[in-house]
Structures are given as C-alpha cells and as structure tokens.
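S.K.: Take a look at the following structure, please.
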Amino acid sequence: MSAQSALPGQPTPSVTDTIHKLQERLMEAENTLQNLVKTKVTLEHDLSVKANSLFLDQEKCMSLRKSFPSMPRLVGYT
C-alpha cells in the first residue's frame, strides 16, 4: 500500500511501523529507568549501612582498641 493509496485519516504503514518502534523503545527506556532506580535505592541503602558501620567503628570501638597494647608492644619490641 503506497502513501497515496492510504485511506484518509489512516496512517501509512511506514508511520504505523515507526509508531510501533517508538513505543517499543519507550517501553525499553522505561524498563531501564526502573532498573536504574532500583539500583540507586540498593546503592543508597548499602552506603547508609557502610556509613553506620564506620560510625560504630570510630565512635564505639576505637576507644576500646586504643586501650589495648599495640602488636609490637605485645611481641616485646617496645
């Protein structure tokens, strides 16, 4: 069917094909966006856990570690 023989008000086959291809690309882009958002949420959670772990280590555990003798002192070098 050529562009001249298309019915008035009806898109030509090439326009219809283009619309379908664009709709497919839009769906792919939306799926990619969803995956990126999920990945972002996961990374933000992991970062939060790591920041909390560092806080606990520095604020809660460091004072305990400082009170223990160092390894060279335990071995007898100092």
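S.K.: Magnitude of the Cβ-charge dipole of the chain, K/R +1 and D/E -1, about the Cα centre, nearest 20 debye?
M.R.: In total the dipole reaches around 620 debye.
S.K.: How far apart, in nm, are two points set 7 Å out from the Cα along the Cα-to-Cβ line at Asp46 and at Arg73?
M.R.: A separation of 3.8 nm, rounded to one decimal place.
S.K.: Now for a different question. Pairs of lysines 8 or more apart, or on different chains, with alpha carbons under 27 Å: count those in the chain, would you?
M.R.: 5
S.K.: Can you give the angle from 0 to 90° between the axis of helix 13-55 and the longest principal axis of the chain, with both taken from C-alpha atoms, to the nearest 10?
M.R.: 10
S.K.: Considering the options Leu56, Thr12, Met71, tell which one lies farthest towards the positive end of the dipole of the chain, charges being +1 on Lys and Arg and -1 on Asp and Glu at the Cβ, about the Cα centre.
M.R.: Met71
S.K.: If you look at just the Cα atoms of the chain, how large are its Rg and its Dmax in Å?
M.R.: According to the Cα coordinates of the chain, Rg and Dmax are 31.6, 98 Å.
Any read-out appearing in this document is the output of simple, stated calculations on the displayed coordinates, not a laboratory observation. None of the values given here were measured: they were computed from a predicted structure. All Cβ positions, even for glycine, are placed from backbone atoms using ideal geometry, and neighbour counts span all protein chains on display.
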